[in-house]
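These notes are about the structure you will find just below.
The values are calculated or read from the model by the stated rules, or taken from the named source; none is laboratory data. Computed from a predicted model, the values in this text were never measured in an experiment. Positions of Cβ are backbone-derived with ideal geometry, glycine not excepted, and every protein chain shown enters the neighbour counts.
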Amino acid sequence: MTLESKIPTGNVADKWTQYKSSIPLVNPANKRQLEIIVVGTGLAGASAAATLAEMGYKVKAFCFQDSPRRAHSIAAQGGINAAKNYQNDGDSVHRLFYDTIKGGDYRAREANVHRLAECSTSIIDQCVAQGVPFAREYGGMLSNRSFGGTQVQRTFYAAGQTGQQLLLGAYSGLERQVGLGNVKMYARHEMVEVVKIDGKARGIIARDLVSGKLERHFGHAVLLCTGGYGNVFYLSTNAMGSNVTAAWKAHKAGAYFGNPCFTQIHPTCIPVSGHYQSKLTLMSESLRNDGRIWVPTKQNDERHPNDIPEDERDYYLERRYPAFGNLVPRDIASRAAKERCDAGYGVGQSKMAVYLDFKYNMMQRYGRTEASKLNIANPDDETLTRLGKEVVKEKYGNLFDMYKQITDENPYETPMRIYPAVHYTMGGLWVDYDLMTTVPGMYALGEANFSDHGANRLGASALMQGLADGYFVIPITIGNYLNKEIHTKPMSTDHEAFVAAENAANERIKHLMGIQGTRSVESYHRELGLIMWNKCGMARSEKGLKEAIAEIQALRADFYKNVRIPGSINEFNPELDKAGRVADFLELGELMCVDALDRNESCGGHFREEFQTEEGEALRDDENYMYVSAWESKGDSWELHKEELKYENIKIQQRSYK
Amino acid sequence: MSKLMKLHLKVWRQKNTESAGNFEDYKVDASPDMSFLEMFDVLNEQLIETGKEPVAFDHDCREGICGMCSMVIDGRPHGPKQGVTTCQLHMRSFNDGDTITVEPWRANGFPVIKDLTVNRSAFDRIIASGGFISTNAGNAVDANSILVPKEIADEAFEAATCIGCGACVSACKNASAMLFVGAKVTQLSMLPQGKPERQSRVVAMVNQMDAEGFGACTNTGACAAECPKQIPLSVIATLNREYISAKMNGK
């Protein structure tokens, strides 16, 4: 099968507008006859389910959590980008488009990214209309801040819990449709199989996680809004339940997987503190607006950070990248932190951490402004600190509290210790311009698809993409498919395809339960995570990746011999749920390594040690690798398909933030 | 690494909604740097290794924002520390040799599913009854055309930080959900966008809250004291005010 991205013709700035006005529509009466399944209720899923229901479609929504409001979008902290140019600092749709393409190290699709930038402004309007309480200035206008990889202030936020507020907005829209009877909500349900009839996605098999029973659900179309797969690394900033299972089942059923090796390692997370650790906690990128990153200039410096004088501190990001300073993109900041720690300049007990220090801006930026407002001439350091602290508290209070709770250190007084951790996956199911996967009728939205962030996502762009896909893209593009389905009557779930899919899922679950070995699911997940982190993490090499593939294959074989799952199938059994997810991670991990091995270049978050500049920056190979890797499942192996990327509007260059 | 603490746990075990439950005793060694849930991970690994059934408990983000974790620890929802969810509670808040009792949320509105896991779908139904602003995607005007004074925005935000965990219900002797409902009503009735529906909203949400079997408020204040997001008791006053005013307007 050849890959058809179906990008509309015409000027990049006009494509979406023209496409929207020419796309076939489904009339309101017909919409009421069409059923859509939405899996996942994060920003993409909740906004899509709500909007499609508002338009009249019959929607069934599924989430594995106990409520749709708990999807992991809730944990996004810093903000959401939009090209509003409210700050009059030269922002525009084109600039957001350009920043995103460049930030993605020229591995994203121009047309999709431009559409994303265009939709960004409507998202903010929509969220405000829903009652999302964004931060505001005294005049009542919306407030903005900066994020990495940009030189404008276009990030809208609600303290350090923007994701929560946006998701609760989308969730309220979803629940409104539930109340109106337009959405049927299935919480504590996990999709375990895709049902295809005559090559088209026609439904899913879902497992009720409370009763353990398998259910058959028909849909004229199926939307996967199931998030990313960062948990393949075991330790990540993802929620414990975040998983690849739905996307992986889709992949096995024919959906190509795009750029699986593109993983985002976020530079500012609380470092690992012990072997029992179950997850890592992010400290928002927004902190880099006011936090300065440094390490001592001396190796193995054991002094307390507050005792290290200014001239013995190396603000290495400001030194290496003066134009963007502490606000370089995430991949660059992460690698720079790793470089310093590997060279022996790391801090803290493990020496695998750097400082994120707020003292300077707390005093000099905010303290001075507040003192000036209060007409305090020549404020002393104590006054500056006291006044500045209040401002910092208002901006980042919940993050500082979280840091203190976890580390037992007070970040208002002592610099935070931070280190990179797995945070997001740019890769995902390959989709065309309509967000349809290679299985007709099956779509992927938000983090679950590969489409907008190339090899590195800029901060505050995940929320933007999830909501753009759900509120503004899929409601239009799905018409392109469903207008041809208006004659398709809802199909009986007694159809042989449903029976076969349910049997397959049933057999798989029975097989897992039947192993009754000696090792816990968790222990396999931890081991897989370690292989992935060491060999397919921040730095990768041909040798390491080959080893990783062999190790994952061996671990997978051992899993199917020795895993022990307690309890039984037809009951609430979280260990069984986890076993199914880890089984899929054990396959995905291999594909990620295969993809990383294929890509003989460094770009964005994908850093192959063999391919770097003299200064240690990622060295792209545009001649041979300017493509999206789309992998087709062939049972035990994969076949690579390539979607060549064309840049007609942006001049490709070596990415520089110096 | 810090010294391990020896703990004695009394944990509520209940096979399913229908069956009766009981406390089981367990011994666990924990590091003071572990979170409370990581201590439960260690316990569960221990149980699985010895062929026993692990304790079922709800958890997801483990950073205090998803609202999924829900344990009553020594009689207090989310444990002894103020303004902290169970997942953000660390073992350094306990002492070596402590006996810790762990139970599920207990309320008619939150039936136990298994062990420490309860069904909180009643909260979703309350939101579905009116906890929203009726606007469809595509309807909105430019965001800055709706000016919201900073103080109003900040107060609405404070109410909107509710994570829907249900600790307020669990803490209340009447199993009242008025802090939860009050938080949403406060957020939406304060903002200009939420004003058109403020009266129908509050009546619908209170009706649904009653239908779900949550009790009434007797101003004890346990809900606000135990709320991990420190939603203030004043949201209940706002809820009452909004409700009375709606009723007086014949809603």
Identify, please: which residue in the range A:157-173 is under 18 Å from the mean Cα position of the chain (by Cα) and farther than 11 Å from residue A:68 by Cα and is, among those, surrounded by the most Cβ atoms within 10 Å (Cβ to Cβ)?
A:166
Do we have residue A:141 as among the aliphatic types (A, V, I, L, M), touching a residue at least 12 places away in the same chain (Cβ under 8 Å) and more than 7 Å from every other protein chain (Cβ to nearest Cβ) here?
no
Some residue of the range B:181-198 being in contact with a His (Cβ under 7 Å, 6 or more places away or on another chain), touching a residue at least 24 places away in the same chain (Cβ under 8 Å) and either assigned to a loop (DSSP other than H, G, I, E, B) or outside the structural domain of residue B:103 (by TED's automatic domain parsing) (or both):
no
Among (1) modelled with pLDDT under 95; (2) farther than 28 Å from residue A:326 by Cα, residue A:252 falls short only on (1)
Just name the residue that is nearest to the other protein chains (Cβ to nearest Cβ) out of those in the range A:107-135 that are touching a strand residue (DSSP E or B) at 6+ places or on another chain (Cβ under 6 Å) and over 14 Å from residue A:471 (Cα atoms).
A:134
The range A:369-388 residues that are touching a residue at least 24 places away in the same chain (Cβ under 8 Å), paired with ones that are surrounded by 12 or more Cβ atoms within 10 Å (Cβ to Cβ) and acidic (Asp, Glu) (beta carbon under 8 Å, 6 or more apart)
A:388/A:370
Quickly run through the range A:83-128 and pick out the residues that are among the β-branched types (Val, Ile, Thr) and free of Cβ contacts under 8 Å to residues at least 40 places away in the same chain.
A:121, A:128
Positions within the range A:246-280 being in a helix (DSSP H, G or I) and out of contact with any strand residue (DSSP E or B) (no Cβ under 7 Å at 6 or more places or on another chain), in sequence order:
A:248
Quick check on the range B:138-147. Is at least one of its residues modelled with pLDDT under 95 and small (Gly, Ala, Ser)?
yes
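Table: residues versus (1) within 14 Å of another protein chain (Cβ to nearest Cβ); (2) in a helix (DSSP H, G or I).
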{"site": "A:489", "(1), (2)": "no, no"}
{"site": "A:497", "(1), (2)": "no, yes"}
{"site": "A:506", "(1), (2)": "no, yes"}
{"site": "A:511", "(1), (2)": "no, yes"}
{"site": "A:517", "(1), (2)": "yes, no"}
{"site": "A:528", "(1), (2)": "no, yes"}
Of A:352, A:402, which residue is crowded, with 20+ Cβ neighbours inside 10 Å and either touching a helix residue (DSSP H, G or I) at 6+ places or on another chain (Cβ under 7 Å) or closer than 18 Å to residue A:269 by Cα (or both)?
A:402
Say we look at the range B:120-151 and pick out the residues that are free of Cβ contacts under 8 Å to residues at least 40 places away in the same chain and more than 7 Å from chain A (Cβ to nearest Cβ); which of these is nearest to residue B:203 (Cα to Cα)?
B:151
Selection count where residues are surrounded by fewer than 22 Cβ atoms within 10 Å (Cβ to Cβ) and either part of a strand (DSSP E or B) or within 14 Å of another protein chain (Cβ to nearest Cβ) (or both), scope the range A:191-208
4
The conditions are (1) in contact with a helix residue (DSSP H, G or I) (Cβ under 7 Å, 6 or more places away or on another chain); (2) within 14 Å of chain B (Cβ to nearest Cβ); (3) among the basic types (Lys, Arg), and residue A:188 fails exactly one of them. Which is it?
(1)
Looking at the structure I just gave you, is residue A:176 within 14 Å of chain B (Cβ to nearest Cβ), over 25 Å from the mean Cα position of the chain (by Cα) and surrounded by 20 or more Cβ atoms within 10 Å (Cβ to Cβ)?
yes
Can you tell me which of (1) buried (at least 22 other Cβ atoms within 10 Å of the Cβ); (2) assigned to a loop (DSSP other than H, G, I, E, B); (3) not β-branched (Val, Ile, Thr) is the one residue A:212 doesn't meet?
(1)
Would a scan of the range A:125-142 turn up a residue that is at pLDDT below 95, buried (at least 24 other Cβ atoms within 10 Å of the Cβ) and of a type outside the set (S, T, N, Q)?
no
Could you check, for the range A:36-57, whether at least one of its residues is within 27 Å of residue A:191 (Cα to Cα), assigned to a strand (DSSP E or B) and in contact with a Pro (Cβ under 7 Å, 6 or more places away or on another chain)?
no
Quickly run through the range B:12-60 and pick out the residues that are without any contact (Cβ under 8 Å) to a residue 40 or more places away in the chain, part of a loop (DSSP other than H, G, I, E, B) and either of a type outside the set (D, E, K, R) or more than 10 Å from chain A (Cβ to nearest Cβ) (or both).
B:18, B:19, B:20, B:50, B:51, B:54, B:59
Name the residue, out of A:107, A:115, that is crowded, with 24+ Cβ neighbours inside 10 Å and either aliphatic (A, V, I, L, M) or not in a helix (DSSP H, G or I) (or both).
A:107
Kindly list, by first and then second residue, each pair from a residue in the range B:226-241 that is more than 8 Å from residue B:182 (Cβ to Cβ) to a residue that is β-branched (Val, Ile, Thr) and part of a loop (DSSP other than H, G, I, E, B), limited to pairs with Cβ atoms under 6 Å and residues at least 6 apart or on different chains.
B:228/B:84; B:228/B:85; B:229/B:161; B:229/B:163
Output the number of residues of the range A:386-435 satisfying the condition of being charged (D, E, K, R) and over 24 Å from residue B:163 (Cα atoms).
8
Every residue in the range A:144-161 that is at the interface with another protein chain (Cβ under 10 Å from one of its Cβ atoms) and assigned to a strand (DSSP E or B), please.
A:156
Among the numbered criteria (1) under 21 Å from residue A:157 (Cα atoms); (2) modelled with pLDDT under 95, which single criterion is violated by residue B:158?
(2)
Take residue A:576 and tell me if it is within 14 Å of chain B (Cβ to nearest Cβ), in a helix (DSSP H, G or I) and either in contact with a His (Cβ under 9 Å, 6 or more places away or on another chain) or of a type in the set (A, V, I, L, M, F, W, C) (or both).
yes
Does residue B:107 count as within 27 Å of residue B:177 (Cβ to Cβ) and more than 9 Å from chain A (Cβ to nearest Cβ)?
yes
In the set A:204, A:197, which member is β-branched (Val, Ile, Thr) and within 16 Å of residue A:59 (Cα to Cα)?
A:204
Just to be sure before I move on: is residue A:339 part of a helix (DSSP H, G or I) and over 22 Å from residue A:160 (Cβ atoms) in the structure I sent?
yes
